[in-house]
Amino acid sequence: MTDDGLTPGLATARAGVGSVVAREYRHRECGGLTRIEGYAFLVLANPFSCVTPTWCRECRRFAPLDELEWADTGEDLASYRDRLLVAAPFGRRCLLAFSGVLAGALAGLVVGLPLGLLAWDASWWPWARDFVNVFFVMTGGIVGGERAFTLFRPWRARWLFHLLGVIAGCSVGWLTWMNLYWAPAGVAAPVALAFCGGWMGASFTAPLMKLAWGSDYRGER
Ligand SMILES: [Zn+2]
């Protein structure tokens, strides 16, 4: 991966690091300004992170991103994030969107290995494994759905992709459980932690991208 080719405009984003520490957005309904900085700014400005409705300081409530606009450019936050997402080539978009999930899953697997050795002959496993499938299917579905929506949200067919992501994630969870059914608890424990890690890792996409590639969107206009 080339240093300057990760995302278009990344050079500008990098040049802006350190100088752009905060930005203001305006709520179109009330006209109130809210200043965002620090970790929340890192996540909001990164188009690969999952962002839910964002706080308006004036109304003291959360407002959808398309009702908020950057005070300096007037572009609404939803369009801004979609524009930056579409600017990245498809393959790279997939890689970046799933980087947090993969890193989290790997970390969970590594952390789970010693735990697996301790739990190798767990006596509860033969009856517990009948219920563990709920955890695998649910986690897979949540992660698959959320990431698919993040990847495809600029497109009209985003709900279809969201649904496909949920189905794909549930299938991965179900297949994993089927394959672990006759395995000892020691094998199942690290895999379960990998699922937990993947779930949590999705939330750390923006800081991971900054850490691994120096990709910081806070300077992007
Ligand atoms: Zn408001």
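Quick note: the coordinates plus some simple rules give every number you see, no bench work behind them. Just so we're clear, the structure is a prediction, and the values are computed from it rather than from any experiment. Cβ: placed from backbone, ideal geometry, glycine included. Neighbour counts: every protein chain shown.
Summary of computed values
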read-out	value
At q = 0.08, 0.09, 0.10 Å⁻¹, base-10 log of I(q)/I(0) for the chain (Debye sum, equal scatterers on each alpha carbon)	-0.36, -0.44, -0.54
Over the chain: helical MRE at 222 nm, DSSP H runs n ≥ 4 each giving -39500 (n - 2.57), nearest 500	-20000 deg cm²/dmol
Peptide ranges 205-213, 174-182, 42-50 listed from the most packed, as the mean C-beta count within 10 angstrom indicates	42-50, 205-213, 174-182
The range 41-199: relative contact order as a whole-number percent, Cα under 8 Å and 6+ apart	30
For the range 164-175, Karplus couplings with θ = phi - 60° (6.51, -1.76, 1.60), whole Hz, Gly/Pro x	4, x, 5, 4, 4, x, 4, 5, 4, x, 5, 5
FRET E, pair Leu163, Ala87, Förster distance 25 Å, beta-carbon r, rounded to 0.05	0.45
Sites matching chymotrypsin sites (Phe, Trp or Tyr not before Pro) across the range 78-150 that sit in DSSP coil, with at most 11 neighbouring C-beta atoms within 10 Å	Trp124
Magnitude of the charge dipole, the range 90-209, Cβ model with Lys/Arg +1 and Asp/Glu -1, debye to 20	620
Proportion of all alpha-carbon pairs of the range 90-209 beyond 19 Å (%)	49
Built amide H within the under 5 Å cut-off of Ala122, gap 5+	Ala185, Gly186
From phi via Karplus (6.51, -1.76, 1.60), per-residue ³J(HN,Hα) for the range 56-67 in Hz, x at Gly/Pro	10, 5, 6, 7, 6, 8, 8, 10, x, 4, 7, 9
Phi to ³J(HN,Hα) by Karplus 6.51 cos²θ - 1.76 cosθ + 1.60 over the range 202-207, Hz, x for Gly, Pro	4, 6, 9, 4, 4, x
R0 of 45 Å, Cβ-Cβ distance Thr73-Val111: FRET efficiency to nearest 0.05	0.60
Amide H within-cut-off set for Cys56, under 5 Å, with H built and near neighbours excluded	Arg61, Phe62, Ala63
Those trypsin sites (Lys or Arg not before Pro) in the range 106-167 that DSSP places in a loop and that have at most 13 other beta carbons within 10 Å	Arg156
